[in-house]
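First the structure, in the form of structure tokens, and then the observations on it.
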Amino acid sequence: MQIPSISELQSKLQEYINVLKMARKPDREEFLTTAKISVAVMFVVGLVGFLIYILMEIVPGVFKK
């Protein structure tokens, strides 16, 4: 593994600083929209996981009979 040089570290740090300078605090509407979308995605992912779990519990029992 190669150790980065000081100039590479300074360059990367400058990139991070530039990104932070451009960042802004979201307004209330933007935050609520993002939160709603995040909750909806978590719900869908959880539902898919639950359905897979149910299928894995039911399907083997059907074939044993």
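The values are calculated or read from the model by the stated rules, or taken from the named source; none is laboratory data. Since the model is a prediction, treat every value here as computed from it, not as a measurement. Cβ coordinates were reconstructed from backbone atoms using ideal geometry, including for glycine residues, and neighbour counts include every protein chain displayed.
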Q: Identify, from the list Pro26, Pro60, the residue that is outside any helix (DSSP H, G or I) and not aromatic (Phe, Trp, Tyr).
A: Pro26
Q) Do we have Lys21 as loosely packed, with under 10 Cβ neighbours inside 10 Å, among the charged types (D, E, K, R) and not in a helix (DSSP H, G or I) here? A) no
Q) What residue, among those in region 30-65 that are of a type outside the set (A, V, I, L, M, F, W, C) and over 21 Å from the mean Cα position of the chain (by Cα), is modelled with the lowest pLDDT? A) Lys65
